[in-house]
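Everything below concerns the one structure shown next.
The values are calculated or read from the model by the stated rules, or taken from the named source; none is laboratory data. Just so we're clear, the structure is a prediction, and the values are computed from it rather than from any experiment. Cβ placement follows ideal geometry from the backbone for every residue including glycine, while neighbour counts extend to all protein chains displayed.
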Amino acid sequence: GGIRALVGGRDYAQSKFNRALAPANRQVGSAFKPFVYAVAFSHGLLPGAAISDGPIQPGEIDGAGNWSPANSDGSYGGIEPCSYGLVHSRNTMSVRVGQFAGLDAVQKVANNLGIAQNIPPGPATYIGSFETNLKDLTAAYTVFPNGGMRRQAYIIERIDDQQHKPIYLAAHISSQALDPGAAWMTSQVMEDVLTEGTAASARSLGFKLPAAGKTGTTNDYKDAWFVGYTSTLTCGVWVGFDQPATIVARGYGAALALPVWTEVMNKASRHYPAEPLQSTMPTQRASVCSISNQLATTGCMSAGTAYDIDLPVDKIPTVACQVHGGAQWPFAQQAPGLPEKAATFPGRVFRSFRRLFGGR
């Protein structure tokens, strides 16, 4: 949790206002989406689950009325894997993932992570309609490479007196804020953000290390974010004006914040070398149905809905697909000794099934 560097503005001589700390809170936008996906993963959704990228229909989202957020590029798509929604920052898919996760659960995680308190209730939370500051958001992202463990951020490690005896030591407070398996699954998806998603330009900017992260852009391009991490360091960047205003046309986080992040992280890697990101818990390959979120069967194979994925062992379904029928696919693995409540799991998935596909 130790803060290694903190920059609150371009020139301290010109302005002493620290834009990285409260009260310099700004709308977080899509940079909040990873936490929504993590909550959904902890509730049983899987990265390969089929979700609609079509327009949100009136009444589809609880408490939304006729609210129908568009994707940032104004386009819509068809049925895509859940992970696609985070990798490419699709608002429609992310709201549907949020519907699966549940608003109360998402707000609770935001509170527990110290991202924001007293978030105005409403489904716009799923796409980051509320405000936070750069320090708190960056600190929250450290749960992903640390198995869901939140470590309280601190600046001062220790203070010694004249006799070199410590009179202050950082508390090093930590707590389990996210499900470990869900944190790792989300981190895996965010690695793809830097290779094929909204932050893929990081590679052309010269950043080649193993890393994961997420862009963020708010309405009218007033705020641009990128928060990402390696195995040893997490870094967040915010770009914007003190008085919220459009920074520049099409001023996405990838265009404005990501280049700063890549430069900082490349230089920091000399002192904080990065290794491949690793799960903190055992994983196992499983064959899963993208429709039911259950173990794939021969029926799923015939329907083209089966896919292979490495999952934390406690996230591997233990029930064979009840949508397509057939015999359990030979390579669909079950994690021994980790019983799922088979009577309730299918119901939970099927209740959300139609909404994930863009219907009531």
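Could you tell me whether any residue of segment 145-168 is of a type in the set (A, V, I, L, M, F, W, C) and within 23 Å of Ala255 (Cβ to Cβ)?
Just the residues of segment 145-168 that are of a type in the set (A, V, I, L, M, F, W, C), to begin with: 149, 153, 155-156, 159, 167.
Filter again for within 23 Å of Ala255 (Cβ to Cβ), leaving none.
No, segment 145-168 contains no residue that is of a type in the set (A, V, I, L, M, F, W, C) and within 23 Å of Ala255 (Cβ to Cβ).
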Next item on the list: Test each condition in (1) surrounded by fewer than 22 Cβ atoms within 10 Å (Cβ to Cβ); (2) more than 24 Å from Phe100 (Cα to Cα) for Ala257 and report the one that comes out false.
Entry: (1)
Margin query: Going through Ser83, Ser75, Ser89 one at a time, which residue ends up being surrounded by fewer than 22 Cβ atoms within 10 Å (Cβ to Cβ), at pLDDT 95 or above, in the same structural domain as Asn219 (by TED's automatic domain parsing) and hydroxyl-bearing (Ser, Thr, Tyr)?
Written below: Ser75
Item checked: Unmet requirement for Ser292, which otherwise passes all of (1) over 23 Å from Asp179 (Cβ atoms); (2) of a type in the set (Gly, Ala, Ser); (3) buried (at least 24 other Cβ atoms within 10 Å of the Cβ) -> (1)
Check: Residue check, Arg96 against (1) out of contact with any strand residue (DSSP E or B) (no Cβ under 6 Å at 6 or more places or on another chain); (2) crowded, with 21+ Cβ neighbours inside 10 Å; (3) over 24 Å from Gly240 (Cβ atoms), all met but one. Which one?
Finding: (1)
Margin query: Being touching a Leu at 6+ places or on another chain (Cβ under 7 Å) and within 22 Å of Arg26 (Cβ to Cβ) is true for just one of Ala124, Ala116, Ala110, Ala140. Which residue is that?
Written below: Ala140
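Any idea which of Ala199, Ala170 is assigned by TED's automatic domain parsing to the domain that holds Ala124 and at pLDDT below 95? Walk me through how you get there before you give the answer.
Values: Ala199 fails: at pLDDT below 95.
Answer to the check: Ala170.
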Item checked: Residues satisfying the stated conditions in segment 256-304, i.e. among the β-branched types (Val, Ile, Thr) and within 30 Å of Ile3 (Cα to Cα) -> Val260, Thr262, Val264, Thr280
Item checked: Lone qualifier among Ala101, Ala139 - being aliphatic (A, V, I, L, M) and either out of contact with any strand residue (DSSP E or B) (no Cβ under 9 Å at 6 or more places or on another chain) or loosely packed, with under 15 Cβ neighbours inside 10 Å (or both) -> Ala101
Notebook entry, point to check: Of all residues in segment 1-38 being in contact (Cβ under 8 Å) with a residue 60 or more places away in the chain, in contact with a Ser or Thr (Cβ under 6 Å, 6 or more places away or on another chain) and among the small types (Gly, Ala, Ser), which is surrounded by the most Cβ atoms within 10 Å (Cβ to Cβ)?
Noted result: Ala38
